[in-house]
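Take a look at the structure below.
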Amino acid sequence: MAGKQAKTLMESDIKSMLRYVAKNRYPVRDRATILLSIKAGLRAGEIANLTWPMVLNAHGKIGPVIELSDVAAKRKSGRSIPIHPQLQTSLKRLRKLSDATGPIITSERGGQLTANSVVNWFATLYRTLDLQGCSSHSGRRTFITKAARRVHRVGGSLRDVQQLAGHRSLAMTQSYIDGDTRIKRRLVALL
């Protein structure tokens with residue numbers, strides 16, 4: 001399977017992406033798009049289908065979780081995803097620029113994007129930054145890999161990561177997790 005999956009992103013890649021989109025025509029929207037992938041693990045289609053009611057609380061403010069509905073998710077894999085503080089800040093900024101109805105990430109003309117539009121947007125971004133082997137799934141793989149490596153710190157398990165990812169099987173979640181050569185060397189040295 002190696003070589004066929006989208007590459008995971010390093011922190012330096014993420015910083016480069018965020019710096020680059022800060023100079024774009026729509027910096028607030030573009031930052032939110034990146035963070036929905038990296039900090040919430042959303043697929044391109046889920047980013048395109050995400051609407052304001054899924055992130056707003058009863059008072060019209062950004063809530064503590066994304067309530068991704070079945071209609072917005074792949075194979076009706078709707079789920080609740082706690083909102084990372086960076087993503088929450090980004091969504092608050094984007095909320096100020098919108099009427100908070102309809103899709104969160106919109107086209108230049110304000111309409112809903114398609115999943116392919118989001119895929120192409122990420123492809124253009126990665127090509128521009130010369131991040132080879134990356135695709136719209138890179139942020140999602142990064143999210144799942146980081147969550148899997150850190151879940152033990154909060155007393156969780158891979159089942160929690162599976163639920164955040166919206167996967168039906170644990171095997172699918174495991175296939176997303178990228179290995180780390182440095183960690184493997186340290187582990188073998190302990191044996």
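Could you identify the single residue in R159, R75 that is touching a Lys or Arg at 6+ places or on another chain (Cβ under 8 Å), farther than 25 Å from K23 by Cβ and part of a helix (DSSP H, G or I)?
The conditions single out R75.
Go through the range 114-142 residue by residue and tally those that are closer than 19 Å to K4 by Cβ, buried (at least 16 other Cβ atoms within 10 Å of the Cβ) and not polar (S, T, N, Q).
9
Residues in the range 143-155: is at least one at pLDDT below 90 and either under 22 Å from I66 (Cα atoms) or touching a Gly at 6+ places or on another chain (Cβ under 6 Å) (or both)?
No, the conditions are met nowhere in the range 143-155.
Residues that are within 16 Å of N120 (Cβ to Cβ): which helices (runs of 4 or more DSSP H) entirely in the range 1-66 hold 3 or more of them?
Of the helices (runs of 4 or more DSSP H) lying wholly inside the range 1-66, those with at least 3 residues that are within 16 Å of N120 (Cβ to Cβ) span 27-38, 44-49.
Identify, please: which residue in the range 86-113 is without any contact (Cβ under 8 Å) to a residue 60 or more places away in the chain and of a type in the set (D, E, K, R) and is, among those, surrounded by the most Cβ atoms within 10 Å (Cβ to Cβ)?
Per the stated criteria, the residue is R95.
Taking the range 143-177 on its own, how many of its residues are surrounded by fewer than 20 Cβ atoms within 10 Å (Cβ to Cβ) and out of contact with any strand residue (DSSP E or B) (no Cβ under 9 Å at 6 or more places or on another chain)?
22
The values are calculated or read from the model by the stated rules, or taken from the named source; none is laboratory data. The structure displayed is predicted, hence computed values, not measured ones. Cβ atoms come from the backbone with ideal geometry, glycine included; neighbour counts cover every protein chain shown.
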